[in-house]
Amino acid sequence: MSPSRALLGIATALVLVATVGGAAPGLAQGPAAEPDYTITVDPAAAGPAIADSMYGVFFEDINFAADGGLYAELVRNRSFEFLPVDNAAYTSLTAWTPGAEAGGSGTASTVDDAARLNERNRTYLRLALTNPAGGRYGVTNAGYNTGVAVTRGATYDFSVWARSDAPAGTPVTVTLRDAAGQPLGAPVSVTVRGDAWKRYPATVRATRTTDAGRLSVLAGGTGTLRLDMVSLFPRATYRGRANGLRKDLAEKIAALHPGFVRFPGGCLVNTNSMAGYDAAANYPRARAYQWKDTVGPVETRPTNANFWGYNQSYGLGYFEYFQFAEDIGAMPLPVLPALVTGCGQNRATDDPALLQRHIRDALDLIEFANGPVSSPWGGLRAEMGHPKPFGLTHVAVGNEENLPDAYFANFLTFREAIAARYPQITVVSNSGPDDQGATFDDLWARSRAANVAMVDEHYYNSPAWFLGNNKRYDSYDRNGPKVFLGEYASLDNKLFNSLAEASYLTGLERNADVVKLASYAPLLANIDHVQWKPDLIWFDNDESWGSTSYQVQKLFMNNVGDRVVPSTSTGKVVQPEPITGAIGLSTWATAATYDDITVTSPDGAVLFSDDFSDGAGQWTPVEPRGAWSVVDGAYRQTDTAALDTLVKAGAITATDYDLTLKATKQAGAEGFLVAFGVQDSGELYWWNLGGWNNTQGAIQKGAGGSKEIVLAKPNSIATGVTYDIRIAVRGTQVTLFLNGTEWGSFTDDRVTEPFAQVVTHDDATGELIVKVVNAQDSPAVTRVDLGGRTVAGHGRMTVIAGDPQEQNTRSAEPVQPVTTTVGGISPVFTRTFPANSVTFLRLKTK
């Protein structure tokens, strides 16, 4: 049983240990019984200061977070640029339906020719109109999710770029309709005159509320009408800004009071082509996010094939990111491509001239953000409506690169150029895609040797990992590079995940002299377009709701304090248990064959065996995926499109055993997946050989449908070669052998701490903020010693508590903070913190 399973059970082995950190008062005053936990605040020691920028947000256009999300545009595919390269299901008329009314007629087609709006907006809609008198023909847009969401009485700003060859002009009628075609407001009309592109605006008012509206653009007369950039924005964007942000989503982000905004990625930054969108590069559609593509008039911004499988318009671009950060009082922190791809692509671009161009772009970005209006890029910023500098202080180069040599060489080149012109800018490096491993160690060593100011760490792990790693940063070098925890989350959106994250945050705050910045990720998810979960804020086309992690993050981000007050705690912890359970076989976009599978004890006793001479009756699919069958006396999965085809067998109860087998890749993108310690709950370990497009091998630990990396190193698997695999399990220690050679080893012996605490001081209010996390099914009776400090007899307490499996959804948000005033506070007091809770006590000092 793993630590996370043990936590959820009642019969767990608990021992008393001393820990750094601790707990704080909770829901009700505890009984006179001996406390389960103690918190002792140091009477004299001074803790580290906590910067206002400690907690921030990370925005990446994943899960339709921008178009169809934070970016308030209501028209989907407004510039007819959707292509199959973005998504195999797309055409340039995705979300559009041609049609007529009043006997109208014509044809609608999309065209990429010399009549286009401009070279960077290459496709437009051509309507060949053959209407009789009074007839109209055109197109209707279906918007996002269920449709165009409009509110009765609200005003919407319509615009379209158009040109017409009709001598008298072409009348165009714009109408909001419901899904049945009935009007949602009075139609408005514009007349397109002249065969040169011109922008035509109009104001539309809704007379009914719906989340399933449609926008119709119908033209009368005859001749050729060309349309592009068909747009509809609510007038009520966040802060009323043109080309603005969806108000409810922006307000939820602003309510966090983030200290910084990291943008725009993520994998958007370090994947696909590093070339520019121009004729010299043949207008590559799938490109790394490059900031110059995203500024200036929106009609001149090219779209892109988003790494996450859809079209990205760049309507929400760098200017809008900077403006939003300023609006919510946050520090902007852009991430630039380092010309080394990651996120499974793992390629270095060896092009010195292109590298120098990207370095110039980095310097130009700083000028765009901070330069005077007399400078070229500062001038553009002013033209876009912001003559005042944005005050950029940090720039990150790269994101999760898996090629340390190539990445760090480029990073140093960027840093040198930036330091020469802008020495005040902090240039941030990164440590790869995981919390440990060869790449992580290598990049951290290089960053320390090069005196890098700050290193960006990323990891997505199980609740057990977060509960077992509260002390991760206690041992970091206080004089080395500072840590930017740019991406992290526990692998689900349930309250238990949020409690594990909360426990971890107490460790971040305790180490605020090392961890300077931290942001949960991802930030946003459109419920109908999810590529990644968990996520902080969920939405559809007219509603939004915060996850349980949103509520916990908001509590921490609004109650940070100015400095840590050192404290210690004692209490019960959960000890690790041996790795037992079923064994498993799987593939990922690969066909593979397995044979001669044996599990033996160290003395040679056979615990399980299968050579498939009698079929595959011992094996059960975990999910009905893939095409498994016995072929030539071996077990083969033949579907190269299928993902996660896990089948399992056996029930290994021994704590010490060896799993051996033979594996052969037949075809496909990756290699083998061999599982052990498989539980009915879905928890497991698997050895992933040839993962990440056949570039990496890893041990992954699964829980809650997601997996964290325990061990990783470069690895590839050859097609048609049979590999001998051996996994030696000795309690919590595992050694891996590939073709008789030790490949790696790990020990999963983390002690899980279900109780965590930190104390900070708010200088403005004179309050101690005692923050306690109790991530277990029983209340925590806790004795709190404030180190002789005199405090008021009452305090303000905020509690988030509930069923650990509960989550907030569109239909219900049961997990919410509850704030009350509590008494019984003194320099030493006992309180009982509720099961599965986060409690913040604000105590006024005298």
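The values are calculated or read from the model by the stated rules, or taken from the named source; none is laboratory data. Keep in mind that this is a model prediction, so the values were computed, not measured. Cβ: placed from backbone, ideal geometry, glycine included. Neighbour counts: every protein chain shown. In case anyone asks, the SASA skips ligands and DNA or RNA and just uses the protein heavy atoms, side chains included. Shrake-Rupley method; radii C 1.70, N 1.55, O 1.52, S 1.80 Å.
Structure notes:
- Solvent-accessible area per residue, Å², over the chain with all protein chains present [probe radius 1.4 Å]: 35 Å²
- Pairwise FRET efficiency - residue 721 versus residue 128, Cβ, R0 = 51 Å, nearest 0.05: 0.30
- Residue 816 paired with residue 803, simple spin-label distance in nm, labels 7 Å along Cα-to-beta-carbon: 1.8 nm
- Relative contact order (%) - criterion: Cα under 8 Å, at least six apart; region: segment 610-700: 18 percent
- Over segment 376-466: Kirkwood hydrodynamic radius from C-alpha pairwise inverse distances, Å: 14.9 Å
- Ranking 660, 674, 635 by how far each Cα lies toward the positive end of the dipole of segment 624-695 (charges on Cβ) leaves 635 at the top.
- Whole-percent carbon and sulfur share, accessible surface of segment 124-169, 1.4 Å: 52 percent
- Of the residues 209, 91, the one with the largest accessible area comes first in the ranking 209, 91, computed with a 1.4 Å probe on protein heavy atoms.
- Dividing the helix sum by the residues of the chain, where each DSSP H run of 4 or more adds -39500 (n - 2.57), gives a mean residue ellipticity at 222 nm of -4000 deg cm²/dmol.
- Label point distance in nm, residue 558-residue 107, each placed 7 Å from Cα along Cα→Cβ: 5.9 nm
- Proximity of backbone amide H atoms, modeled 1.01 Å from N, is registered between residue 696 and 690, 691, 715 at under 5 Å, excluding neighbours fewer than 5 places apart on the same chain.
- Virtual paramagnetic centre 7 Å along Cα→Cβ of residue 845, amide N under 14 Å, in segment 815-834: 827
- Segment 135-239: trypsin sites (Lys or Arg not before Pro) in DSSP coil with no more than 16 other Cβ atoms inside 10 Å: 152, 193, 208, 235
- Computed about its Cα centre, the charge dipole of segment 707-815 is approximately 180 debye, with only Lys, Arg, Asp and Glu carrying charge at their Cβ.
- Candidate lysines - alpha carbon under 27 Å from residue 554, same-chain residues fewer than 8 apart omitted: 247, 252, 471, 482, 494, 516, 533, 707, 771, 844
- Fully extended contour minus Cα-Cα distance, from residue 477 to residue 173, at 0.36 nm per residue: 102.8 nm
- Heavy-atom accessible surface of residue 598, to the nearest 10 Å², is about 40 Å², with a 1.4 Å probe and all protein chains retained.
- Taken over segment 195-291, the percentage of Cα pairs per 5 Å bin, counting from 0 up to the bin with the maximum distance, is 2, 8, 10, 13, 14, 15, 17, 13, 6, 2, 1, 0.
- Our estimate of slack between residue 236 and residue 356, defined as 0.36 nm per intervening residue step minus the Cα-Cα distance, is 39.0 nm.
- In the chain, a dipole from Cβ-located charges (positive for Lys and Arg, negative for Asp and Glu) runs towards its positive end, and of 579, 379, 747 it is 379 whose Cα lies farthest in that direction.
- Accessible-area rank, largest first, for 743, 687, 308: 308, 743, 687, with all protein chains present and a 1.4 angstrom probe.
- Averaging Cα coordinates gives a centre for segment 694-715 and one for segment 796-846; these two points are 36 Å apart.
- Paramagnetic label zone (point 7 Å from Cα along Cα-to-C-beta, residue 196; backbone N under 15 Å) in segment 97-118: 117-118
- Two-decimal log10 I(q)/I(0) for the chain, as the Debye equation yields it once each C-alpha is a single scatterer, q = 0.05, 0.11 Å⁻¹: -0.31, -1.32
- Surrounding net charge for residue 724, when Lys and Arg each add one and Asp and Glu each subtract one, Cβ distance under 15 Å: -2
- Remark: spin-label model distance residue 533-residue 513 equals 4.2 nm, labels positioned 7 Å along the Cα→Cβ axis.
- The accessible surface of segment 284-367, taken with every protein chain in place and a 1.4 Å probe, is 54 percent carbon and sulfur.
- Angle between the chain longest axis and helix 548-557 axis [Cα atoms, degrees, rounded to 10]: 80 degrees
- R0 of 25 Å, Cβ-Cβ distance residue 713-residue 51: FRET efficiency to nearest 0.05: 0.10
- Ranked order, 94, 722 - accessible area, probe 1.4 Å, largest first: 722, 94
- Around the amide H of residue 743, modelled in the peptide plane, lie the amide H atoms of 736, 737, 738, all under 5 Å away and 5 or more residues distant in sequence or on another chain.
- Counting only protein heavy atoms and a probe of 1.4 Å, the accessible surface of segment 487-545 is 46% carbon and sulfur.
- Relative contact order for the chain: 16 percent, from Cα pairs under 8 Å spaced at least 6 residues apart, divided by residue count.
- The length gained by stretching the chain between residue 631 and residue 91 to full extension, at 0.36 nm per residue less their Cα-Cα distance, is 190.3 nm.
- Estimated from the Cβ-Cβ distance and a Förster radius of 45 angstrom, the FRET efficiency linking residue 796 and residue 151 is about 0.80.
- Centre separation in Å (Cα based) which lies between segment 98-172 and segment 534-588: 47 Å
- Most positive-pole-ward Cα, 520, 538, 470, against dipole of segment 458-546 from beta carbon charges: 470
- Shape call, segment 526-627: gyration tensor on alpha carbons, a/c limit 1.5: oblate
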